[in-house]
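The structure under discussion appears below in the form of structure tokens.
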Amino acid sequence: MKYVDEYRDGELARTLAAAIAAEARPERDYHFMEFCGGHTHAISRYGLEDLLPANVHMIHGPGCPVCVLPVARIDAAVELARRPEVTLCTYADLMRVPASRGMSLMKAKAEGADIRMVYSTLDALRVAEAEPGREVVFFAIGFETTTPPTALALRFAEERGLNNFSIFCNHVLTPPAARAILESPESGVRLEGFVGPAHVSTVIGAGAFRQLAREFKQPVVVAGFEPLDVMQAILMLVEQVNAGRHEVENQYIRAVTEEGNAKAKAAVAHYFELRERFEWRGLGFLPDSALRLRPEFAHFDAETRFGVETKEAKDNPACECGDILRGVKKPRDCKLFGTLCTPDAPMGSCMVSSEGACAAYWTYGRFREKTRKQEAAA
Ligand code: SF4
């Protein structure tokens, strides 16, 4: 398939691996965080860590939109869905994220709440059009990639005069999360660079990371999600570190520009404004890190319309998702990984979403350690 197969070429991957090995200086280590769950998924699926020299370490970041949503917001969605007049439309992943007191949207649905799984914002609009007697709420989550479709749904709702459609807004922003990780020395995470997000950067542009790179002296290489994209980005990062540079480079030039998508950014700016603070799983409350509807669109805001309260809620204390999302731990550091916590029975959000680090390790890496040990023994 064009634009896919050529980025999965094994021979080229081995050539890039050799170039990284030649460039990486043996007397030092390199620690790079891939921000996106999509990159974590690619690294696990294609076994990229096995191609890297032992002194090049990949640290998984918080870029999985389902994973970073805190328990309190899932609880609020459950409460919303239990209102008799409400139909809550949500992406399937969110259904299984554990909420407080053993609850989840899936369990709320089983108890009778009207919760529908949708594939897009437009599906939610169709529900609102087809059922004018219901209050249809779209559970809007995600980074800068998924905010423009929510903005478009709002525009369509305005154009079609849909008075029974609103959104429960949980859209979050990438640069403040990267900043929080860099500003948090107590986490002890050592970083020498970021593999910058792919889809997010198609919207906000590679330029959105220049301030971070300058301020924290961190190289950033925006990279696509195919294995050769990631390998090339790692090579570019190693080269920057060796040269003492800390620039934003764009590996994903087939999709990402410096400025991003002006139309998408304008649509988002029309409907949304910054929230002063928003809670992230693992990162806590971060200033200016999320969006809410502008006051003039309050009629589309489910939080205003239904008086939604977000009450304090705690993560399952046995779940290490918070540390994993900050890059402090890896999935295998969690005692529940693969035993009490699996994709069929997830104990935390990182095992639910396919972009979550725990799900990626489970799907592609749960036999790897065993195989390595067997090979070492043989
Ligand atoms: S394995 Fe499960 S319980 Fe452990 S950190 Fe991952 S999601 Fe949480």
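With a 10 Å cut-off between alpha carbons and a GNM built on the chain, which of Thr257, Thr15, Thr87 moves the most?
The residue that fluctuates most here is Thr15.
Which value, in debye to the nearest 20, gives the size of the charge dipole of the chain about its Cα centre, when Lys and Arg are +1 and Asp and Glu are -1 at the Cβ? Walk me through the numbers before you get to the answer.
Numbers: 45 positive and 51 negative charges, 128 e Å.
So the dipole magnitude of the chain works out to roughly 620 debye.
I'd like the accessible area for Lys330, computed on protein heavy atoms only with a 1.4 Å probe and all protein chains in place. Round to 10 Å², please.
In the full protein context, Lys330 sits at about 70 Å².
How far is it, in nm, from the label point at Arg366 to the one at Asp323 when both lie 7 Å from their Cα along the line to the Cβ?
A separation of 2.1 nm, rounded to one decimal place.
Do any chymotrypsin sites (Phe, Trp or Tyr not before Pro) in the range 1-43 lie in a loop, going by DSSP, with at most 10 other beta-carbon atoms within 10 Å of their beta carbon, and if so which?
Loop-located and lightly packed - Tyr3.
What's the angle, to the nearest 10 degrees (0 to 90), between helix 368-377's Cα axis and the longest principal axis of the chain?
It is inclined by approximately 20 degrees.
Please state the relative contact order of the range 248-378 as a whole percent: Cα pairs under 8 Å, 6+ residues apart? Spell out each step's value before the answer.
Values: 112 pairs, mean separation 17.0, N = 131.
Dividing the mean separation by the residue count of the range 248-378 yields 13 percent.
Met236: accessible area at probe 1.4 Å, nearest 10 Å²?
Counting only protein heavy atoms, Met236 exposes about 40 Å² to solvent.
Quick one: helix 71-82 against the long Cα principal axis of the chain, what's the angle to the nearest 10°, folded into 0 to 90?
30 degrees
Along each principal axis of its Cα atoms, how long is the chain end to end? Whole angstroms, biggest number first, please.
Taking the Cα atoms of the chain, the three principal extents are 66, 45, 44 Å.
In Å, what Kirkwood hydrodynamic radius results for the range 253-360 from the alpha-carbon pair distances?
It works out to 16.9 Å.
Roll a 1.4 Å probe over the protein chains and send me the accessible area per residue for the chain in Å².
On the way: 16780 Å² over 378 residues.
Using a 1.4 Å probe on heavy atoms only, each residue of the chain averages 44 Å².
How big is the accessible area of Asp114 in square angstrom, nearest 10, if you roll a 1.4 angstrom probe over the protein chains?
Here the accessible area works out near 40 Å².
Give a quick list of GluC sites (Glu not before Pro) in the range 17-54 that DSSP marks as loop, anything other than H, G, I, E or B, with at most 14 other Cβ atoms within 10 Å.
Answer by residue number: Glu27.
Helix-only estimate, please: 222 nm mean residue ellipticity of the chain, summing -39500 (n - 2.57) across DSSP H runs of length 4 or more and dividing by its residues, to the nearest 500. The partial results should precede the final answer.
Numbers: 18 runs with 154 residues, N = 378.
Taking each H run of at least 4 residues, the total per residue is -11500 deg cm²/dmol.
For the range 31-84, what does the convex hull of the Cα positions come to per residue, in cubic angstrom?
Working: hull volume 4.4 nm³, N = 54.
Expressed per residue, the convex hull around the Cα atoms of the range 31-84 is 81 Å³.
Evaluated at 20 °C with a viscosity of 1.002 mPa s, what Stokes-Einstein diffusion coefficient in µm²/s does the range 187-278 have when Rh comes from the Kirkwood expression over alpha-carbon pairs? Don't skip to the answer; put the middle values down first.
On the way: Rh = 14.0 Å.
My calculation gives 153 µm²/s for D.
Would you mind telling me which residue in Gly260, Gly348, Gly224 has the biggest mean-square fluctuation in a Gaussian network model of the chain, where springs connect alpha carbons within a distance under 10 angstrom?
Result for the chain, Cα springs under 10 Å: Gly260 fluctuates most.
Please express the Cα-Cα pair-distance distribution P(r) of the range 226-285 as a list of whole percents, one per 10 Å bin, running from 0 to the bin with the greatest distance.
17, 26, 33, 24, 1
Kindly work out what percent of the DSSP beta bridges joining two residues of the chain are antiparallel, to the nearest 5.
If we restrict to bridges inside the chain, about 20 percent are antiparallel.
In a shell of Cβ-Cβ distance under 14 Å around Val256, excluding Val256 itself, what net charge do Lys and Arg (+1) and Asp and Glu (-1) give? List each step's numbers first, then the result.
Details: positive: Arg210, Arg254, Lys265; negative: Glu144, Glu226, Asp229, Glu249, Glu258, Glu259.
Once all neighbours under 14 Å are counted, the net charge is -3.
Which of Phe337, Phe156, Phe165 moves the most in a Gaussian network model of the chain with Cα springs under 10 Å?
Phe156
The values are calculated or read from the model by the stated rules, or taken from the named source; none is laboratory data. Given the structure is predicted, the values throughout are model-derived calculations rather than measurements. Using ideal geometry, Cβ is built from the backbone for each residue, glycine included, and neighbour counts are taken over all protein chains shown. The area values use the complete protein model at the heavy-atom level, side chains included, leaving out ligands, DNA and RNA. Shrake-Rupley method; radii C 1.70, N 1.55, O 1.52, S 1.80 Å.
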